[in-house]
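Undergrad: Dropping the structure in here first, questions after.
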Amino acid sequence: MKKINYTGWLVMLLLVGACNLDKYPYSEVAADKYVKDASSVNNLVMGCYNSLHDVMYYEWAMTELRSDNGRMYATGSSASTTKLVEQLDQGTIVAEHQWVENYWSACYATIARANNVLSYLDIVADETLRNQYEAEALFLRSLEYFNLVRLWGPVFIVTSKIPSEVARNMQRSTVEEVYGLIESDLETILDNQLLPEQMADADKGRADRNAVKALLAKVYATHYSSADARYAQAARLCKEVLESAAVGNPQTGADLVPYDKIFDISNEMNKEIIFAARYLSGNVGLGSPFGNMFAPVNNGANVIIGASLGYNTPSDNVISAYETRGNGEKRLDVNIARKYYNSTTREWVTTGNCRYCKKYTNPVSTQYDGESDWPVIRVGDIALLYAEVTNELSGPSDDNLKYLNMISERAGVPGYTLADLSNRYDFREAVRNERRLELAFENQRWFDLLRWGIAAPTVNNYLKSESFYSEYSYTVNEIADWQTLLPIPVSVININPEIAQNTGY
């Protein structure tokens with residue numbers, strides 16, 4: 001097939017088509033010649049979903065690695081890639097950081113593809129399909145802008161193709177303007193009922209109304225204080241999702257998908273999953289790379305075949321947080337491996353670089369070709385967000401305690417009583433701790449720390465207490481509040497030197 005590119009905001013967009021969400025690789029096509037009917041527009045929508053792979057490839061590094069959950073695996077390496085990991089791990093990021101630029105570009109590539117879908121909607125004669133494609137594009141665009149605004153603050157709003165001379169003179173929009181776009185797009189989907197509450201089995205993985213409600217709830221809870229009416233709307237949206245037939249209206253932990261089954265590759269798109277980035281092994285170009293990226297280095301194929309990079313190594317701090325919850329804690333061994341079996345020596349390796357993030361590390365036939373989907377929004381997230389928001393609004397209650405205990409019960413750890421959590425502060429701390437343990441290594445921890453306004457002090461306490469950092473020949477410094485935002489990539493500044501860089505870079 002032929003391919004064409006055009007100039008958008010700092011990306012050269014390769015227009016993408018695909019036949020199914022996680023079943024076939026995409027093709028690069030000339031859109032103006034190709035998009036002639038609803039089927040071809042659908043293929044462009046599939047291209048938007050597939051572009052999430054480029055986003056997710058770096059998102060763990062922008063989030064988990066910068067938090068107190070993950071760290072680099074070893075000190076003392078001078079390799080260029082190790083230095084990239086070290087900067088993110090220790091908050092010493094520079095504007096030339098290649099992974100930061102790659103993540104920025106991947107987010108804007110997805111936005112550009114979504115905008116492209118919106119420009120072809122008139123071709124779709126069937127109103128139901130037209131509404132669906134519009135909503136899916138708006139949802140995916142909103143998801144990427146939500147990540148961008150939280151990680152960078154003011155960013156560039158692009159809602160259509162723009163010529164290069166316009167792009168070169170654009171300025172960053174304010175945080176309020178970016179949130180305004182996100183909220184408007186998601187509210188449009190819900191107000192006009194552009195999506196069904198649940199997709200048919202053949203379309204599992206495509207965004208539905210529950211995914212939109214859940215994302216909008218997270219947006220409201222992040223953007224507004226408890227004094228704002230839209231903060232209360234976050235609770236309402238969470239409750240609607242939790243009570244829907246699609247997730248089974250759980251009342252206790254027994255009603256939820258068992259924790260180890262959430263991430264089981266034989267149980268994909270189960271009721272726990274509200275939205276996920278989907279992957280497919282089999283050498284079709286859609287496999288997950290994270291098993292190889294996260295497996296411990298030099299494991300001799302005892303953990304996984306092929307490269308093993310040791311990225312996103314679990315910290316002592318997060319392991320201790322699990323252990324504090326008690327011996328019954330089921331999530332630790334699902335999320336983290338602290339040893340592996342050497343089939344040659346027939347011994348367990350328990351020292352050195354044997355620790356790794358386990359939940360995405362499944363056997364592969366070819367390196368970087370795993371099957372594991374990556375959950376973006378799931379029931380545990382929304383149940384705990386509901387408990388958090390309602391506590392901030394009106395304090396502890398039987399209602400929000402039910403959802404907190406639901407997650408604890410599934411995890412196999414003791415629940416709470418209202419006597420245990422009799423005030424907002426104690427309830428808040430319990431929810432925050434549960435969110436960390438429930439959602440570890442799902443790219444939620446950093447965003448939670450930002451939402452709570454405690455990112456810098458939490459990371460600084462971690463850097464001081466984690467024994468790993470004492471191995472360095474230099475002092476690992478505390479981070480300041482300005483370092484919680486990423487730098488605008490230097491390549492962007494080079495195109496337009498008038499663009500304001502984030503403070504400190």
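Undergrad: Where the centroid of each part is defined by its Cα atoms, how far is the range 413-458 from the range 58-100 in Å?
TA: Each part's Cα centre sits 25 Å from the other's.
Undergrad: Accessible area of Lys204, 1.4 Å probe, to the nearest 10 Å²?
TA: 60 Å²
Undergrad: How large is log10 I(q)/I(0) at q = 0.17, 0.25 Å⁻¹ when the Debye formula is applied to the Cα atoms of the range 419-505, each weighted equally and without solvent?
TA: Taken in order of the listed q values, log10 I(q)/I(0) reads -0.93, -1.20.
Undergrad: Right, next: If we count every other residue with Cβ under 15 angstrom of Asn423's Cβ, Lys/Arg +1 and Asp/Glu -1, where does the sum land? Kindly include the intermediate steps, with their values, before the conclusion.
TA: Details: positive: Arg424, Arg428, Arg432; negative: Glu388, Glu392, Asp420, Asp426, Glu429.
My count for the surroundings of Asn423 gives -2.
Undergrad: Quote the charge dipole size of the chain about the Cα centre in Debye, to the nearest 20; the model charges only the Cβ of Lys and Arg (+1) and of Asp and Glu (-1). Don't skip to the end; give the middle numbers.
TA: On the way: 46 positive and 63 negative charges, 157 e Å.
In debye, rounded to 20, the chain gives about 760.
Undergrad: The range 211-281 to the range 313-361: how many Å between their Cα centroids?
TA: Centre-to-centre distance over Cα atoms comes out at 27 Å.
Undergrad: Straight-line reach from Lys261: which aspartates and glutamates have a Cα under 12 Å away, not including same-chain ones fewer than 8 places off?
TA: Candidates past the 8-residue exclusion: Glu272.
Undergrad: A further question on this structure: Which cross-chain or sequence-distant (5 or more) residues have an amide H under 5 Å from the amide H of Tyr340, H modelled 1.01 Å from N in plane?
TA: Distant-sequence amide H within range of Tyr340: Val349.
Undergrad: While we're here: Translational diffusion coefficient, Stokes-Einstein: compute it for the chain using the Kirkwood radius over C-alpha pairs as Rh, at 4 °C and 1.567 mPa s, and state it as an integer in µm² s⁻¹.
TA: In µm²/s, the coefficient rounds to 55.
Undergrad: What is the sum of charges around Ala200, taking Lys and Arg as +1, Asp and Glu as -1, for the other residues whose C-beta is under 11 Å from the C-beta of Ala200? Can you show the working numbers first?
TA: Details: positive: Lys204, Arg206; negative: Asp201, Asp203, Asp208.
So the surrounding residues net to -1.
Undergrad: Let me ask another. Using a probe of 1.4 angstrom, how much of the accessible area of the chain is carbon and sulfur, in percent?
TA: Values: 9340 of 19710 Å².
The nonpolar share, carbon plus sulfur, comes to 47 percent.
Undergrad: Would you calculate the volume per residue, in Å³, of the smallest convex hull containing every Cα atom of the range 301-386? Present the calculation step by step, with values, prior to reporting the outcome.
TA: Working: hull volume 11.4 nm³, N = 86.
Enclosed volume per residue, from the Cα hull, is 133 Å³.
Undergrad: So, taking all protein chains as they sit and a 1.4 Å probe, how much accessible area belongs to Trp348, in Å² rounded to tens?
TA: Number for this one is 140 Å².
Undergrad: Now for a different question. What would the Debye equation give as log₁₀ I(q)/I(0) for the range 174-292 at q = 0.18, 0.22, 0.23 Å⁻¹, counting only Cα atoms as equal point scatterers?
TA: -1.06, -1.26, -1.30
Undergrad: Sum up the charges of everything whose Cβ sits under 13 Å from the Cβ of Val124, counting Lys and Arg as +1 and Asp and Glu as -1, but leave Val124 out. Could you put the intermediate results ahead of the total?
TA: Numbers: positive: Lys36, Arg130; negative: Asp37, Asp122, Asp126, Glu127, Glu134, Glu136.
Its environment carries a net charge of -4.
Undergrad: I've got another one for you. Tabulate in residue order the Karplus-calculated ³J(HN,Hα) for the range 159-165, using 6.51 cos²θ - 1.76 cosθ + 1.60 with θ = phi - 60°, rounded to whole Hz; enter x for Gly and Pro.
TA: 3J(HN,Hα) across the range 159-165, in whole Hz: 10, 6, 4, 9, x, 4, 5.
Undergrad: Among all helices in the chain defined by DSSP H, which have a length of 27 Å or more along the axis from Cα atoms plus a Kyte-Doolittle mean of at least -1.0? All intermediate terms of the calculation are to be shown ahead of the outcome.
TA: On the way: long enough: 98-119 (31 Å, -0.10); 127-152 (37 Å, -0.26).
Correct list, ordered by number: 98-119, 127-152.
Undergrad: Among His97, His53, what's the order by accessible area (1.4 angstrom probe), most exposed first? Walk me through the intermediate numbers first.
TA: Details: His97 5, His53 30 Å².
Descending order: His53, His97.
Undergrad: Another question about this same structure. Near the amide H of Ala277, under 5 Å away, which other amide H atoms are found, from residues 5 or more places off or on another chain, if H is placed in the peptide plane?
TA: Trp374, Val376
Undergrad: If you don't mind, another one. Dividing the Cα radius of gyration by the Kirkwood radius, what Rg/Rh value follows for the range 386-427?
TA: On the way: Rg = 9.6 Å, Rh = 10.1 Å.
The Rg/Rh ratio comes out at 0.95.
Undergrad: Stokes-Einstein diffusion coefficient for the range 39-162 at 4 °C in a medium of 1.567 mPa s, Rh from the Kirkwood formula over Cα pairs: what value in µm²/s?
TA: Values: Rh = 16.1 Å.
Stokes-Einstein gives a translational diffusion coefficient of 81 µm²/s.
Undergrad: Compute the relative contact order of the range 246-332 as a whole-number percentage, counting only Cα pairs closer than 8 Å that sit 6 or more residues apart in sequence.
TA: Values: 67 pairs, mean separation 15.1, N = 87.
Dividing the mean separation by the residue count of the range 246-332 yields 17 percent.
Undergrad: Here's another thing I want to ask about it. Rounded to whole Å and ordered largest first, report the semi-axes of the equivalent ellipsoid of the range 241-371 derived from its Cα gyration tensor (root of 5λ).
TA: On the way: eigenvalues 158, 90, 26 Å².
Taking √(5λ) for each eigenvalue gives 28, 21, 11 Å, largest first.
Undergrad: Considering only protein heavy atoms, what is the solvent-accessible area of Ser164 at a probe of 1.4 Å, reported in Å² to the nearest 10?
TA: Number for this one is 30 Å².
Undergrad: Using modelled backbone amide H atoms (1.01 Å from N, in-plane), which distant-in-sequence or interchain residues come within less than 5 Å of Phe156's amide H?
TA: Placed amide hydrogens put Ser173 under 5 Å from Phe156.
Undergrad: Which one, Asn335, Tyr416, Leu309, is farthest towards the positive end of the dipole of the range 307-429 when Lys and Arg carry +1 and Asp and Glu -1 on their Cβ?
TA: Positive-end residue among those listed: Leu309.
Undergrad: In Å and whole numbers, how far do the C-alpha atoms of the range 272-328 stretch along each principal axis, longest first?
TA: Cα spread of the range 272-328 along its principal axes, largest to smallest: 43, 36, 18 Å.
The values are calculated or read from the model by the stated rules, or taken from the named source; none is laboratory data. Not measured: the values here are computed from a predicted model. Every residue, glycine as well, gets a Cβ built from its backbone with ideal geometry; the counts of neighbours run over all protein chains shown. Just the protein is used for accessible areas: all its heavy atoms, side chains included, with ligands, DNA and RNA removed. Shrake-Rupley method; radii C 1.70, N 1.55, O 1.52, S 1.80 Å.
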